[in-house]
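Since the structure comes first, as structure tokens, the remarks are kept for the end.
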Amino acid sequence: MRYTIKHLVMMAAVLVTTVAATATANAEVQMKVPFDFTVAGKIWPAGVYTVDKDPQFGTLTLKSLDWSKSSNWIICPGDKGITSTRVVLDFDVLGSEHALRLIRFGDKQTPLLHKHAKEQAYHEVQIGE
């Protein structure tokens, strides 16, 4: 009897781990940013980046494929009208420079990341579902 209960508990743990890994994999989107940009004053090169939403910890992570650049933020409620899992990177365009303003992942978003823009015009990169 003990063996059966222990076996069931282990199987449940494996199932929960598999479901969590699948949910995390589904909350990750790759996108190509065609220009250099800044995040919190640091320059990130043009390239392919991954945006990962972790609902368990309430965070969004932006990282380069080789992990040379990575940053994460606590997510906030975004536009309540959005029901898709579309990912949007918003950039402030200051002359020829781009500064990451915020990241939206479905109905969640980061806080404003670039708060001192001299110009209000911004370029929006939309990649996702």
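The values are calculated or read from the model by the stated rules, or taken from the named source; none is laboratory data. Quick caveat: nothing in here was measured; it's all calculated off a predicted structure. As a convention, Cβ positions derive from the backbone with ideal geometry for all residues, glycine included, and neighbour counts pool all protein chains shown.
Here's a check for you: in the stretch 115-129, which residue that is of a type in the set (D, E, K, R) and assigned to a loop (DSSP other than H, G, I, E, B) is modelled with the lowest pLDDT?
Glu129
One residue is enough: does the stretch 54-63 have a residue meeting the conditions surrounded by 15 or more Cβ atoms within 10 Å (Cβ to Cβ) and in contact with a helix residue (DSSP H, G or I) (Cβ under 8 Å, 6 or more places away or on another chain)?
Among the residues of the stretch 54-63, at least one is surrounded by 15 or more Cβ atoms within 10 Å (Cβ to Cβ) and in contact with a helix residue (DSSP H, G or I) (Cβ under 8 Å, 6 or more places away or on another chain), which makes the answer yes.
Are any residues in the stretch 92-114 in a loop (DSSP other than H, G, I, E, B) and under 12 Å from Val39 (Cβ atoms), and if so, which ones?
Thr110, Leu113, His114
Within the stretch 68-85, does at least one residue satisfy the condition of being at pLDDT below 90, outside any strand (DSSP E or B), surrounded by fewer than 16 Cβ atoms within 10 Å (Cβ to Cβ) and under 15 Å from the mean Cα position of the chain (by Cα)?
Taking every residue of the stretch 68-85 in turn, at least one turns out to be at pLDDT below 90, outside any strand (DSSP E or B), surrounded by fewer than 16 Cβ atoms within 10 Å (Cβ to Cβ) and under 15 Å from the mean Cα position of the chain (by Cα).
Could you count how many residues in the stretch 35-62 are on the phi < 0 side of the Ramachandran plot and in a strand (DSSP E or B)?
Within the stretch 35-62, residues that are on the phi < 0 side of the Ramachandran plot and in a strand (DSSP E or B) number 17.
Conditions (1) among the polar types (S, T, N, Q); (2) in contact with a Phe, Trp or Tyr (Cβ under 9 Å, 6 or more places away or on another chain); (3) modelled with pLDDT of 90 or more, marked per residue:
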{"residue": "Tyr3", "(1), (2), (3)": "no, no, no"}
{"residue": "Met11", "(1), (2), (3)": "no, no, no"}
{"residue": "Val19", "(1), (2), (3)": "no, no, no"}
{"residue": "Phe35", "(1), (2), (3)": "no, yes, yes"}
{"residue": "Val39", "(1), (2), (3)": "no, no, yes"}
{"residue": "Val48", "(1), (2), (3)": "no, no, yes"}
{"residue": "Gly58", "(1), (2), (3)": "no, no, yes"}
